[in-house]
Amino acid sequence: MLKVNDVTLRFGGLTAVNHVSLELKEGTINGLIGPNGAGKTTFFNLISGVYTPNEGEVIFNGIKLNGKKCYEINRIGMSRTYQIINLFKKMSVVENVMVGLHPKLKSGFFSAIARTGSQKKEEEAAREKAYEWLDFVGLRSKALDPAGSLSYGEQRLLEIVRGLASNPKLILLDEPAAGMNSKEKEELDVILRKIQKLGVTILMIEHDMKLMMGITDYIFVLNYGKKLAEGTPVEIQNNPDVIAAYLGED
Amino acid sequence: MLIQVLISGLVIGCVYGLIALGYSLIYKASGLMSFAQGDMLTLGAFLGYMFYGQLKLPFVVSLVCVMLCMFGLGQLLERGIIRVLLKNNVLPVYIVLATIAISYIIQNAAMMIWGTQTLTFPPIFGSSLVELFGVKVQPEAIFCIIMSVICMLFLHVFMKYTRFGTAMRAAAMDPTAARACGINTSFSTGVTWGLSAGVAALGGMLLGPIYGVFTMLGAIIGRKGFSSAVIGGFGNMYGAMLGGILLGLIETGTSAYVSSAYKDMISYSILLIFLFVKPTGIFNEQAITE
């Protein structure tokens, strides 16, 4: 479903992503790991349209993404979350999800101005749908609180569900467990499996190896912008290159 | 006397509020200030004079035409000038300066087209006065207050309860996250500038019949509208309207009970006091500090 063909991204003299190729299978949970500064987040930015690769191409469901803008890529069916939580903090929790629903709605600017009947109906349906998504992560009881007042872990979940609201085929999660306590991590584990059941493919960056090894079908390892290894969690755990890269870092 | 002061204070205050609304919307969406807001009001008044006074179109039709024209012009300004400057990495201060340049260009162009005299905007409701709480007032004054309040409520509903308004707020709050949610942020920024111009033009249409139409109509109102936005809490829609009404009342009250010679001195002193004591404005808007 997602095919990255030999992409390279340079910032001036620095090569942040160096000839990386990977392919995701539909409906799988995939991990992207690597020591700090390996280029993982940059790689996410490359796929999601923040950067355009200097070389190579990114193909998503048969559509070439090079040069497409972030919002266009979202509309094709790819959502993402951020390492640093990127919620609309002053909006309510349910409003955040409604923003996520945005690309699914049809009525435009002038029907919003005129408040046409169909537009109102659509608005109602969107709110209903947003509440359903909140149920998905257990945040319905906090629907009207400002997003900024949620705990760190809850904010992570809200960001994930905001990404899911646009019914993506692929969601990129950048350190979803960061800042979560162990109970929240267990909940996250359950939610990630529920997302997979919806048929959404996941690609996630995560430093919590226990979570990562337990849940992923396949793992890619980046180091210094290059792909170091790929394989099942067991293969990765026993890969001498990967062990060396992690030990060498410390 | 009190009623009369209240009404004329509300009239000008509501118009300050409409201008302030535009400042706040633009600031939220682009992080910039457009000092052409006042001139959008002037243009709105002139276009209104043209559609309603000269072409003799019904008032409502003229109003819609004017607001659509100005909506387009506002978007054009953003797309044609502001966005290009931003893309070229011009410093924000210079972009603000560019809006001042645009302001003078509009004033001069208006002078070339419509001349220097004050034009009489034909009355909307005939020439008779209506009686309200025992005082005779121009019906246009009441109309101005009502329309401004409606406009405010309308914007409130639009921003808060429609998916488009929600998207616009999202784009203003956090453009990166908004783009990741599938929102075309540059489109919504354009719409914001258009809305601001449209709202200012409405102010011009409402004020025209009361003050007459002339090229400098919006120049002072623009500055006062900016002050109102700051007093209310810069970037806050509700603060903008409240700040405008407050400033209008203070100003009119000073003219009536003290002396009109002091009116600007007192209203700008109040602005200064706000800057010292409560720079986040009545609505405690944190946009400035963030």
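Some points to look at:
- Filter result for B:T176 (among the polar types (S, T, N, Q) and either crowded, with 24+ Cβ neighbours inside 10 Å or over 30 Å from A:A130 (Cα atoms) (or both)): no
- Picking from residues in the stretch B:29-41 that are surrounded by 24 or more Cβ atoms within 10 Å (Cβ to Cβ) and at pLDDT 90 or above, the one that is farthest from B:F121 (Cα to Cα) is B:S34.
- Options B:I26, B:I19, B:I7: the member that is farther than 11 Å from B:G204 by Cα and either buried (at least 24 other Cβ atoms within 10 Å of the Cβ) or within 16 Å of the chain's Cα centre (by Cα) (or both): B:I26
- The residue that is nearest to the other protein chains (Cβ to nearest Cβ), counting only those in the stretch B:172-206 that are of a type in the set (S, T, N, Q), free of Cβ contacts under 8 Å to residues at least 24 places away in the same chain and farther than 16 Å from A:I85 by Cα, is B:N184.
- The number of residues in the stretch B:142-157 that are touching a residue at least 40 places away in the same chain (Cβ under 8 Å) and either facing chain A (nearest Cβ under 10 Å) or surrounded by fewer than 24 Cβ atoms within 10 Å (Cβ to Cβ) (or both) comes to 9.
- Test: residue in the stretch A:90-97 that is part of a strand (DSSP E or B) and under 30 Å from B:A29 (Cβ atoms): yes
- The number of residues in the stretch A:71-96 that are crowded, with 20+ Cβ neighbours inside 10 Å, over 13 Å from the mean Cα position of the chain (by Cα) and facing chain B (nearest Cβ under 10 Å) comes to 6.
- Exclusive hit being more than 14 Å from B:G204 (Cα to Cα), modelled with pLDDT of 95 or more and crowded, with 21+ Cβ neighbours inside 10 Å, set B:G48, B:G44, B:G74: B:G74
- Only listed residue being farther than 27 Å from B:A171 by Cα and out of contact with any Leu (no Cβ under 6 Å at 6 or more places or on another chain), chosen from B:F71, B:F59, B:F35: B:F59
- Residue in the stretch B:109-130 that is of a type in the set (V, I, T), in contact with a helix residue (DSSP H, G or I) (Cβ under 8 Å, 6 or more places away or on another chain), closer than 13 Å to B:T215 by Cβ and outside any loop (DSSP other than H, G, I, E, B) present: yes
- Of the residues making up the stretch A:206-216, not a single one is surrounded by fewer than 18 Cβ atoms within 10 Å (Cβ to Cβ), outside any strand (DSSP E or B) and of a type in the set (S, T, Y).
- Residue match in the stretch A:50-62 (condition: more than 12 Å from every other protein chain (Cβ to nearest Cβ), under 23 Å from A:A177 (Cα atoms), of a type in the set (F, W, Y) and in contact with a Gly (Cβ under 9 Å, 6 or more places away or on another chain)): no
- Test for A:N66: is it more than 8 Å from every other protein chain (Cβ to nearest Cβ), in contact with an Asp or Glu (Cβ under 7 Å, 6 or more places away or on another chain) and modelled with pLDDT of 90 or more: yes
- Scanning the stretch A:1-41 for residues that are small (G, A, S), in contact with a helix residue (DSSP H, G or I) (Cβ under 6 Å, 6 or more places away or on another chain) and within 26 Å of A:K210 (Cα to Cα) turns up A:G31, A:G34.
- Residue check for B:Y211: closer than 21 Å to B:D264 by Cα and either surrounded by fewer than 24 Cβ atoms within 10 Å (Cβ to Cβ) or over 15 Å from the mean Cα position of the chain (by Cα) (or both): yes
- Residue match in the stretch B:130-137 (condition: surrounded by fewer than 16 Cβ atoms within 10 Å (Cβ to Cβ), more than 9 Å from every other protein chain (Cβ to nearest Cβ) and of a type in the set (D, E)): yes
- Odd one out for B:S255 among (1) buried (at least 24 other Cβ atoms within 10 Å of the Cβ); (2) in contact with a Lys or Arg (Cβ under 7 Å, 6 or more places away or on another chain); (3) farther than 30 Å from B:C69 by Cα: (1)
- Test: residue in the stretch B:158-171 that is farther than 30 Å from A:K69 by Cβ and either more than 14 Å from every other protein chain (Cβ to nearest Cβ) or not hydroxyl-bearing (S, T, Y) (or both): no
- Per-region count, the stretch B:49-64, residues within 19 Å of the chain's Cα centre (by Cα) and not aliphatic (A, V, I, L, M): 2
- Identity of the residue in the stretch A:42-70, touching a helix residue (DSSP H, G or I) at 6+ places or on another chain (Cβ under 9 Å) and farther than 24 Å from A:E175 by Cα, that ends up surrounded by the fewest Cβ atoms within 10 Å (Cβ to Cβ): A:I63
- Test: residue in the stretch A:185-192 that is free of Cβ contacts under 8 Å to residues at least 24 places away in the same chain, surrounded by fewer than 22 Cβ atoms within 10 Å (Cβ to Cβ) and not hydroxyl-bearing (S, T, Y): yes
The values are calculated or read from the model by the stated rules, or taken from the named source; none is laboratory data. Since the structure is predicted, the reported quantities are computational estimates derived from the model, not experimental observations. Please note: Cβ atoms are built from the backbone with ideal geometry, for glycine as well, and neighbour counts cover all protein chains shown.
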